[in-house]
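Quick note: the coordinates plus some simple rules give every number you see, no bench work behind them. This structure is a prediction, so every number in the text was calculated from the model and none was measured. When we count neighbours, we look across all protein chains shown, and the Cβ atoms used for this are built from the backbone with ideal geometry, even at glycine.
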Amino acid sequence: MNILLLLIQQDAEADTLAQMLDDEASMTFFEILSQGGILMIPLFVLSILAIYVIAERWRTLNNSMMDVPSMLNNIESLLKNGSQRKAVEYCDSFDKPLARILKAGIKRLGRPISDIEDGIRNAGKKETYYLETRMNWLATIAGVAPLVGFTGTVTGMIRAFMDIQSLQGNVNPSVLAGGIWEALITTATGLIVGIIAYGFYNYLLGKINRMIFELENASSDFIDLLQAPSQKKSN
């Protein structure tokens, strides 16, 4: 008789556990996130801002790429034909960093080579600044998002202990669930946002550094191109 009662009790507990699991599974993704409390709002804002910066920088960097050898060859042909104005117009037809850098050098043709190099260097600094625009936002999000998540962990645990105190030690796990939800969800969300932001920050920074390196090489090739005629005459 006792064994039968025990089996019935175990079946009832199993049914209760299955029902709890079904209820949890039926919760939508947004319902789960809503359990994270008010700190989910800044985390949501940080995630949207990170997506915007990643998409904007990705598009800008892809649009900044161009065929460097072809452009240098075309500019060389125009300059050899004595058409400085057409070379400037050719650069104006491209809304790209390299075109603006070379245009700064072409506009100074006729001056000492040091002045041309200064113009190219100054234009290069401006383009580097534009390429790195808002990258500091992504770095800040990568550092701040996990901290906001950990803050949610602290506030969630504070809430759980306050519930324990208010119940004078008569703890019911369901009463503590809210604080535990808040602690775990905010931490997980903050880490996810921070990891994604940090990963894309390093990836985009690598693309920017490679592009800056290519711009510097193209600028050096352009200076060599300008000096080539004088070298031939000296021979």
Loop-located chymotrypsin sites (Phe, Trp or Tyr not before Pro) in region 55-94, at most 16 other Cβ atoms within 10 Å (DSSP): Phe94
- line: Given a Förster distance of 25 Å, the FRET efficiency implied by the Cβ-Cβ spacing of Ile48 and Met157, rounded to the nearest 0.05, works out to 0.35
- line: Computed Rg/Rh for region 33-131 (Cα atoms; Rh = Kirkwood radius) stands at 1.28
- prompt: So how much slack lies between Arg121 and Phe150, counting 0.36 nm per residue of separation and subtracting their Cα-Cα distance, in nm?
  reply: 6.0 nm
message: Test of understanding: what is the full-extension gain from Leu184 to Met65, defined as 0.36 nm times their sequence separation minus their Cα-Cα distance?
response: 38.6 nm
- prompt: What number, in nm² with one decimal, is the all-direction average of the projected area of the convex hull of the alpha-carbon atoms of region 39-92?
  reply: 4.7 nm²
- request: Sort Leu131, Leu215 so the one with the fewest other Cβ atoms within 10 Å of its own Cβ comes first.
  value: Leu131, Leu215
field: Spherically averaged projected area in nm², based on the convex hull that wraps the Cα atoms of region 41-226
entry: 12.5 nm²
Set of region 140-161 residues, backbone N closer than 15 Å to the point 7 Å along the Cα-Cβ line of Ile195: 142-143, 145-147, 149-150
- request: Just order 135-148, 74-87 by mean Cβ neighbour count inside 10 Å, highest at the front, would you?
  value: 135-148, 74-87
message: Run the simple label-point estimate for Glu216 and Arg111 please: 7 Å along Cα→C-beta, distance reported in nm.
response: 2.3 nm
- request: Grab the other residues whose beta carbon is less than 14 angstrom from that of Asp118, score K and R as +1, D and E as -1, and report the net.
  value: +4
- request: Would you mind ranking Thr187, Thr155, Thr133 by Cβ crowding within 10 Å, fewest neighbours first?
  value: Thr133, Thr155, Thr187
statement: For Met71, Met157, ascending order of other Cβ atoms within 10 Å (fewest first) is Met157, Met71
